[in-house]
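Please read the structure below before turning to the comments.
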Amino acid sequence: MWRRSFLKIILATPLGRLIAGIAASLATATAIYLDISHIDMRKPQRISGVEVFLPYPKLRGTVSVEEALANRRSVREYRDEPITLEELGQLLWAAYGISETRYGLRTAPSAGAQYPLEVYAVVGEWGVAAGDGYLAAGVYHYEPHRHSLTLRKSGDFRRELYRAALDQRWVLEAPVSIVFTAVFARTTRVYGERGRLRYVPMDLGHAAQNVYLQATALGLGTVAVGAFYDEDVAEILGLSEEETPLYIMPVGKPAAYYKLSERELVQYYERRRR
Ligand SMILES: Cc1cc2nc3c(=O)[nH]c(=O)nc-3n(C[C@H](O)[C@H](O)[C@H](O)COP(=O)(O)O)c2cc1C
């Protein structure tokens with residue numbers, strides 16, 4: 001269960017870490033908390049490795065798959081508001097979370113179940129509301145099997161990401177961006193070049209569409225951004241040589257909602273059937 005009192009998490013400050021530490025020590029087995037036990041408190045600037053357990057995903061929503069398909073659009077204008085940690089967790093679960101518990105199969109299909117993708121969240125300052133506070137700005141890595149985020153880099157990297165994405169404003173303005181990368185070798189060692197040219201991009205499309213549909217179902221907006229300088233995004237995320245960035249998906253509350261009515265759709269078809 002979500003414990004609001006545990007999450008006054010401004011991790012970038014010593015006070016924030018102190019509060020998180022108290023929260024961690026108070027947390028029960030079912031609580032969402034921050035595991036900071038492995039952090040060397042004598043070096044307060046070194047906070048990478050902090051793990052944030054995300055609220056468990058919900059398997060029931062209020063929007064049908066048909067409505068999500070009909071109302072999905074690429075959204076590039078967001079309200080100046082945060083999304084919640086629950087929403088971020090739900091989006092990450094939809095992207096690449098666990099949907100089968102024997103083998104750890106995922107919400108998105110993957111060639112040979114090799115799962116070449118990695119998923120990151122670039123969280124802006126005040127971008128993700130968590131309990132009474134906010135998730136600390138930073139670059140986080142999603143761990144599907146623990147449904148958690150691990151802080152890789154502290155700070156607001158949205159401006160760097162926006163620059164890397166050819167100044168696409170929505171990357172700067174969204175409170176958070178989900179970024180997909182791939183370790184191509186996981187798939188090419190099984191399928192060779194076919195894995196590189198076909199299977200990994202296909203895997204990515206499945207996972208990214210899940211984000212689009214889940215965002216729509218949550219009343220959020222996103223857009224798949226494929227235009228960016230690979231090396232710059234890799235540096236922002238702190239990627240190793242073997243990992244390639246593929247998509248940036250800014251997420252936020254849409255400035256305007258798109259809604260398709262059945263009547264409008266039927267009229268569209270009828271005009272073309274004449
Ligand atoms: C491979 C790919 C790359 C894309 N790259 C960008 C991008 O860099 N910036 C952007 O604003 N939209 C990007 N888009 C979103 C498309 O512009 C959008 O899907 C298209 O205009 C259709 O609109 P819709 O998504 O609302 O149906 C990309 C989409 C795909 C599939």
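Just a few scattered comments:
- Of interest is the spacing of the C-alpha centroids, which for the stretch 151-199 and the stretch 48-100 amounts to 17 Å.
- Under the criterion of Cα pairs below 8 Å and six or more residues apart, the relative contact order for the stretch 99-183 equals 31 percent.
- Candidate aspartates and glutamates - alpha carbon under 14 Å from Lys259, same-chain residues fewer than 8 apart omitted: Glu66, Glu67
No value in this document is a laboratory result; all are computed from the given coordinates. Bear in mind that the values here come from a model prediction, so they are computed numbers and not experimental data.
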